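Engineer: Dumping the structure here so I can ask a few things about it.
Each reported figure results from applying straightforward, stated rules to the coordinates on display, with no laboratory input. Keep in mind that this is a model prediction, so the values were computed, not measured. Reconstructed Cβ throughout: ideal geometry from the backbone, glycine too, with neighbour counts over all protein chains shown.
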Amino acid sequence: MAPDALVRLQKVSKVFPGGIVGLEAVDLDIAPGEFLTLLGPSGCGKTTSLRVIAGFESPTGGNVLLEGRDITGLRPFERPVNTVFQDYALFPHMDVAANVGFGLSLRKLTSAEQVKRVRDALDMVGLADKLRARVSELSGGQRQRVALARAIVCEPRVLLLDEPLSALDAHLREQMQIELKRLQARLGTTFVMVTHDQTEALSISDRIVVMNKGRIEQTAAPATLYDRPATRFVASFIGTMNLLQSRFIGRDGERLRFAAGELPLEATSDNGDTPAAGDTRTIGVRPEDLLAAGEAAEGTAPARVSGVVFHGRTLRLHAELGQGTPIVIDAPRRADGSQFGVGDVAHISLRRGANCPVLSN
Ligand SMILES: Nc1ncnc2c1ncn2[C@@H]1O[C@H](COP(=O)(O)OP(=O)(O)O)[C@@H](O)[C@H]1O
Ligand SMILES: [Mg+2]
């Protein structure tokens, strides 16, 4: 195993009674101190992965390792792992201190030590003044912090968070994302978070694991996932991406030249793909990497505009290339108000220096 992996999932599978596949041969290394996020649509196996790491679920195949030691058979409380659940699972009629201290009651600590640990944990999440408040009196954001404090008070090696911010409104959610990241940096604890929200994953994570149907599609840093998605699934799940069936034309060193109909494209492949002239591949093109001009020129392809959506600084043009291929372009809004309208023909080209990924299925 990688010498620096804290947690390793080794060919972990989970088949539920009735043959429902939760996880299929998942291999994953989690590094010490990283903020790792599991991202994917509902039902792709995110929660099951967390439950396997926590020990609430035993895999039907494969192993879970902690610092190289096989912990697959250990019960949850025997693992240095704590979980923040989606619904927080707090005791509403107990006060904040009792909720946070609950996790410590199984440990052999003096009551003075317990009080100190509870205070320190509440300090960390900015709730030192709410020690004696009842949970039922707290706001959503404060409850979220109590749940966090209850998990960090045990000083786990790994903190698991299942959609921790999903109950909060959009504004508070963004604020808590920043706080969560700050807390993680301060503690130096490994955080493994689950979310189905790509914006949240991109803004908070050191690395993201994109999951689909019980399998990992790609594991990478946010910028890499955005710039170099490996698969069609990742490309269409993260941001907006045009998926263009394109013909291979030739090679310029590292650059692969393709054409989507009349539209010339340049791409790079990370998987050593060596297409022959005339082969087709799916090329991912970001809307912001396309230019739309009023006049035809060398390297442009005509597209008829079918919709214009206001996006603030840019206009999102929905258009059709020849053969009815849909394409989305983000065009800067012009100061003089001249802009494309529905029915206009825009002449589309790839922005110079844009780097399009070749996508596998
Ligand atoms: N206890 C269970 N019994 C049967 N099927 C389950 C159980 N838990 C999860 N599943 C199924 O396993 C798959 C993955 O579920 P889950 O890990 O909860 O997905 P996610 O958290 O990504 O939404 C889904 O098809 C789900 O219905
Ligand atoms: Mg889930």
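Engineer: So what is the orientation-averaged projected area of segment 7-236, using the convex hull of its C-alpha atoms, in nm²?
Structural biologist: 13.0
Engineer: With contacts defined as alpha carbon pairs under 8 Å and 6 or more residues apart, what's the relative contact order of the chain in percent?
Structural biologist: Rounded, it is 15 percent for the chain.
Engineer: Related question: Exposure proxy check: M94, M124 ranked by fewest other beta carbons within 10 Å?
Structural biologist: Taking fewest neighbouring Cβ atoms as first place, the list is M94, M124.
Engineer: While we're on this one: Only Cα pairs under 8 Å and at least 6 apart count here; give the relative contact order of segment 278-361 as a rounded whole percent.
Structural biologist: So the answer I get is 42 percent.
Engineer: Using the count of nearby Cβ atoms within 10 Å as a rough guide to exposure, how do V15, V118 rank from fewest to most?
Structural biologist: Result, fewest neighbours first: V15, V118.
Engineer: Would you mind counting up the charge near L23? Only other residues with Cβ under 12 Å from its Cβ, with Lys and Arg at +1 and Asp and Glu at -1.
Structural biologist: +3
Engineer: If the reach is capped at under 29 angstrom between alpha carbons, list the lysines near K181, excluding any in the same chain fewer than eight residues apart.
Structural biologist: Filter leaves K46, K116, K130, K213.
Engineer: Of A277, A260, A54, which is the most mobile in a GNM of the chain whose springs link Cα atoms less than 10 angstrom apart?
Structural biologist: Sorting by GNM fluctuation, first place goes to A277.
Engineer: With everything on Cα atoms, drop me the angle between helix 140-152 and the longest principal axis of the chain, reported from 0 to 90° to the nearest 10.
Structural biologist: Roughly 70 degrees, rounded to the nearest 10.
Engineer: Here's a follow-up. Determine, for each peptide in 199-209, 19-29, the mean count of other beta carbons within 10 angstrom over its residues, then list the peptides with the highest first.
Structural biologist: 199-209, 19-29
Engineer: Viscosity 0.890 mPa s, temperature 25 °C: give me the Stokes-Einstein translational D for segment 153-267 in µm²/s, with Rh taken as the Kirkwood radius over C-alpha pairs.
Structural biologist: Roughly 147 µm²/s, to the nearest whole number.
Engineer: Here's a follow-up. Anyone know which of V285, V64, V309 comes out most mobile in the 10 Å Cα GNM of the chain?
Structural biologist: Top of the fluctuation ranking is V309.
Engineer: So what's the gap between the Cα centers of segment 63-82 and segment 258-288, to the nearest angstrom?
Structural biologist: 44
Engineer: Which of the aspartates and glutamates could be linked to K11 by a straight reach, that is with a Cα gap under 20 Å, when you skip same-chain ones fewer than 8 residues away?
Structural biologist: K11 reaches E24, D27, D29, E57, E67, D70, E217.
Engineer: Then there's this: May I have the extent of the alpha carbons of segment 33-106 along their three principal axes, as whole Å values ordered from largest to smallest?
Structural biologist: Largest first, segment 33-106 extends 41, 31, 26 Å along its Cα principal axes.
Engineer: Which percent of Cα-Cα pairs in segment 240-359 sits in each 10 Å bin, short to long?
Structural biologist: Bins of 10 Å from zero give 14, 46, 29, 10, 1 percent of pairs.
Engineer: Continuing with this model, one more query. I'd like the antiparallel share, as a percent to the nearest 5, of DSSP beta bridges with both residues in segment 210-361.
Structural biologist: 95
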